[in-house]
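Enquirer: What follows is a single structure, and I will ask about it in a moment.
A short reminder: the numbers here are calculations on the coordinates, not readings from a lab. Because the structure is a prediction, the values reported are computed rather than measured. Note that each Cβ is placed from the backbone with ideal geometry, even for glycine, and that neighbours are counted across all protein chains shown.
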Amino acid sequence: MVSNPELFTGDGGALSLELDNLENPEGELHLKFYLASGEELALPATGIAEVMQPSPEQITPVPNASPLLLGTVNLRGKIIWVADLGQFLGDSGVLTTDRPAIPIIAIENQEQVIGLAIERIGEMAWLDVEQLQVATNLPDTMAPFIQGQWKLDDESHRALSLLDQIEILRSARWAA
């Protein structure tokens with residue numbers, strides 16, 4: 001029995017803790033988000049350093065840089081590159097940069113960090129990686145960076161694609 005006095009209500013009755021009703025999440029925690037075309041993607045939460053929404057003025061353009069790069073941003077005292085994820089993946093949509101804030105997901109692996117500018121942040125979700133299926137019907141520009149897909153809807157054939165942040169960070173496209 002719990003004997004902590006802070007867990008009692010003012011009338012002397014014990015505070016009801018219904019632990020049996022708590023939902024047990026299955027799978028791993030992921031961040032869902034959207035590209036400009038409406039394509040929904042996910043990244044494992046373990047590979048995300050930070051999610052931020054700086055104003056366009058806070059992203060410093062760099063002359064003669066790759067067209068994939070929007071510029072640099074200050075992430076807790078560290079300057080990191082910010083890339084247009086949609087353009088990097090060959091997405092058909094165009095990222096809207098004329099707005100008050102641009103959502104950026106900073107991914108990291110072994111001290112290497114890059115910011116991925118996206119159209120819209122979705123939600124955090126527990127996704128079962130054992131339900132991941134082989135990705136199908138992907139453009140050649142996107143396929144190397146997708147670990148697999150979760151089928152969302154059988155009728156419309158919608159799928160949620162899981163990005164591989166390590167492959168993105170190691171990509172030879174950054175040298176172009």
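Enquirer: Just add up the charged neighbours of residue 49: K/R +1, D/E -1, any other residue whose Cβ is under 10 Å from the Cβ of residue 49.
Expert: 0
Enquirer: Moving to a separate point now. Quick check: convex hull of the Cα atoms in segment 28-107, volume per residue, rounded to a whole Å³?
Expert: For segment 28-107, the hull spanned by Cα atoms encloses 101 Å³ per residue.
Enquirer: Rounded to the nearest 0.05, what FRET efficiency is calculated for residue 143 and residue 79 with R0 set to 45 Å and r the Cβ-Cβ distance?
Expert: So the FRET efficiency works out to roughly 0.90.
Enquirer: Right, something else. Work out, step by step, the length gained on full extension between residue 109 and residue 28: first 0.36 nm times the residue separation, then minus their alpha carbon distance; give nm to one decimal.
Expert: Once the chain is fully extended between residue 109 and residue 28, it gains 27.4 nm.
Enquirer: Take the alpha-carbon centre of segment 84-116, take the same for segment 123-176, and report the distance between them in whole Å.
Expert: Between the Cα centres of segment 84-116 and segment 123-176 lies a distance of 16 Å.
Enquirer: Between residue 131 and residue 152, 0.36 nm times their residue separation minus their Cα-Cα distance comes to what?
Expert: In short, 6.4 nm is gained.
Enquirer: Same structure again: Below 14 angstrom from the Cβ of residue 70, what's the summed charge of the other residues (Lys, Arg +1; Asp, Glu -1)?
Expert: Result for the local shell: -3.
Enquirer: Give the relative contact order (percent, whole number) for segment 38-108; include only Cα pairs under 8 Å separated by 6+ residues.
Expert: Contact order relative to length: 42 percent.
Enquirer: Can I ask one more? Relative contact order, percent, of segment 52-176 when contacts are C-alpha pairs under 8 Å separated by at least 6 residues?
Expert: In percent, rounded to a whole number, it is 20.
Enquirer: Here's another thing I want to ask about it. What are the extents of the Cα atoms of segment 27-175 along their three principal axes, listed from largest to smallest and rounded to whole Å?
Expert: 44, 31, 29
Enquirer: Testing the spin-label approximation: label points 7 Å from Cα along Cα→Cβ at residue 174 and residue 124. State their distance in nm.
Expert: Roughly 2.6 nm, to one decimal.
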